[in-house]
Amino acid sequence: MTVLVTGGCGYIGAHVVHALHQAGEKVVVVDDLSYGKPTRIEGSRLYGMDISAPGAGERLAEILDAEDVEAVIHFAARKQVGESVEKPLWYYQQNINGMLNVLTGMTKSKKAKKLVFSSSAATYGVPPVDVVPEDVVPMLPINPYGQTKLFGEWMARACEEPFGIRFCALRYFNVAGCGPVELEDPATLNLIPMLLDRLKKGKAPAIFGDDYPTPDGTCVRDYIHVSDLADAHIAALSYLDRDERKYDAFNVGTGEGTSVRQIVDELKKVTGLPFKETVMARRAGDPPHLIGSPKRINEEMGWHAKYNVEDIVRSAWEAWQANPEHHIDVEHWKQAD
Ligand SMILES: NC(=O)c1ccc[n+]([C@@H]2O[C@H](COP(=O)([O-])OP(=O)(O)OC[C@H]3O[C@@H](n4cnc5c(N)ncnc54)[C@H](O)[C@@H]3O)[C@@H](O)[C@H]2O)c1
C-alpha cells in the first residue's frame, strides 16, 4: 500500500514514515518544510507544498492518484498553543484550510479513502476528570489550536458518509522521546527539550509552578514515547480496513500520570548531571492534570505503549547529545557541582 503523509518531515511525522517503511509500506510525503527537515525521510518521495494554500486540494488529488495512494496520515499543522492565542486567524487559516484541502483531495481521488488525523488532548480543554475517556463531556478546547483539532475531527467525520472516507482521529497526549537519533525533536516548546535546552545554555532547568493541587505540586501529564505513537498509526491503518468500526476517535496515552518534578528527577538520573532546578511562576492555561485513558485503543486496536518514562527521557537525552548543535558539556555541569 502507498501512504501519503502530510507533515512527514516533522518530528512525529518522520517517526511514522520510519515505522511505515519498517512495515514495508511505500510512503509519499507532502511538506512545506516550514519546520520539517527533508533529511528525516530518506527513501520517500517529497512534494514540497503548503497544504493550506488555495488550490492545494486539487494538487493533492493529482498527487494521490499519480502515486496510487490508498491512505493518508495528516500531520501538517501549526501546533503552538501560545502562538495560536496570539494569532488565532492564522491558526484557523492554516489548520482548517489544511484539513479542508486534504479532504478535498481525498474526495476527488479514486482510491485514497482512508484517513488518520493527528488530533490532540488539547481538544479536551480542562476536562472534568483526571483520567480522560474519549467521550467525556463537555469537550471545550481553551485555545484556537485545540479548536482547530476538534473542528478538524468534525470535518473528517462529516465526509465519512457522503464520500465513503474511513476516518479516525488519534488524540495524542504528551509526546516525547526519540527513535533513531536523527529524528529528534528540536522544538524547545515541550518539557523535555525545554529542560535540555536550558542545560545547554548553562541555566538551571525551570519548573513552572509547584503549587498545583497535585501530589508534589507540579503539573501531571501522560507521557507517550514517539515510537509507541508511531506504532499507534500503523494500528490505526489496520483498524480502518475493518468494515465494523465502533469508534473514530482514540486517545494515545498510557493512563499513567508523571509530574514535572518526576521528569526533572528522571533527567538527573539519566544524565548524571548534578543540576538544581528552579521554580518559576505558573504559566497561564496549564491544567493541573491531563491523563488519557488508553482503554479504547487497547481494546479496539490491540495497541499498548511499550516504553516507560525512563525510556522516554533516556532516548531524548541520547538524541540530544548525538546532535552537535545541542551537545551538552557534561564536565561543565559536574565541575559546577
Ligand atoms: N508534538 C506533540 O506533542 C503533539 C501533540 C498533539 C498533537 N500533535 C500534532 O501532531 C502533528 C505533528 O506534530 P509535530 O510535533 O511532529 O510537529 P512538527 O512541527 O515537527 O511537524 C509538522 C510538519 O508539518 C509541516 N507543515 C506545517 N504546516 C504545513 C502546511 N501548511 N503545509 C505543508 N506542511 C506543513 C512542517 O514543515 C513540519 O514538517 C501536528 O498536527 C500537531 O498538532 C503534536
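The values are calculated or read from the model by the stated rules, or taken from the named source; none is laboratory data. Because the structure is predicted, anything quoted here is derived from the model rather than measured. Cβ sites come from the backbone with ideal geometry, for glycine too, and all protein chains shown count toward neighbours. These area figures cover heavy atoms from the full protein model, side chains too; ligands, DNA and RNA do not enter into them. Shrake-Rupley method; radii C 1.70, N 1.55, O 1.52, S 1.80 Å.
Some values worked out for this structure:
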quantity	calculated
Long-range neighbours under 6 Å by Cβ, at least six apart or interchain, first residue farther than 17 Å from Tyr35 by Cβ within the stretch 47-60, second among the polar types (S, T, N, Q) and open to solvent by 30 Å² or more (accessible area, probe 1.4 Å)	Gly57/Thr104
Unique residue being closer than 19 Å to Ile207 by Cα and modelled with pLDDT of 95 or more when the list is Thr258, Thr271, Thr254	Thr258
Subset of the stretch 255-284 (residues that are touching a Ser or Thr at 6+ places or on another chain (Cβ under 7 Å) and either outside any strand (DSSP E or B) or open to solvent by 40 Å² or more (accessible area, probe 1.4 Å) (or both))	Gly255, Val260, Arg261
Condition check for Leu199: surrounded by 16 or more Cβ atoms within 10 Å (Cβ to Cβ) and either more than 16 Å from the ligand (Cβ to nearest atom) or free of Cβ contacts under 8 Å to residues at least 40 places away in the same chain (or both)	yes
When residues of the stretch 285-321 are limited to those that are assigned to a helix (DSSP H, G or I) and β-branched (Val, Ile, Thr), the one farthest from Lys201 (Cα to Cα)	Ile297
Qualifying residues in the stretch 90-115 (those that are aromatic (Phe, Trp, Tyr) and open to solvent by 10 Å² or more (accessible area, probe 1.4 Å)) - the one nearest to Gly57 (Cα to Cα)	Tyr92
The stretch 122-138, residues that are within 15 Å of the ligand (Cβ to nearest atom) and hydrophobic (A, V, I, L, M, F, W, C)	Ala122, Val132
Residue ranges of strands (runs of 3 or more DSSP E) in the stretch 142-229 with at least 3 members of a type outside the set (A, V, I, L, M)	166-172
Any hit, the stretch 20-34, residues being surrounded by 24 or more Cβ atoms within 10 Å (Cβ to Cβ) and under 30 Å from Ile142 (Cα atoms)	yes
Any hit, the stretch 224-245, residues being in contact with a helix residue (DSSP H, G or I) (Cβ under 7 Å, 6 or more places away or on another chain) and open to solvent by 60 Å² or more (accessible area, probe 1.4 Å)	yes
Glu300 within 30 Å of Asp211 (Cβ to Cβ), open to solvent by 20 Å² or more (accessible area, probe 1.4 Å) and either at pLDDT 95 or above or among the small types (Gly, Ala, Ser) (or both)	no
Odd one out for Gln80, checked against (1) open to solvent by less than 40 Å² (accessible area, probe 1.4 Å); (2) out of contact with any Ser or Thr (no Cβ under 6 Å at 6 or more places or on another chain); (3) touching a residue at least 60 places away in the same chain (Cβ under 8 Å)	(1)
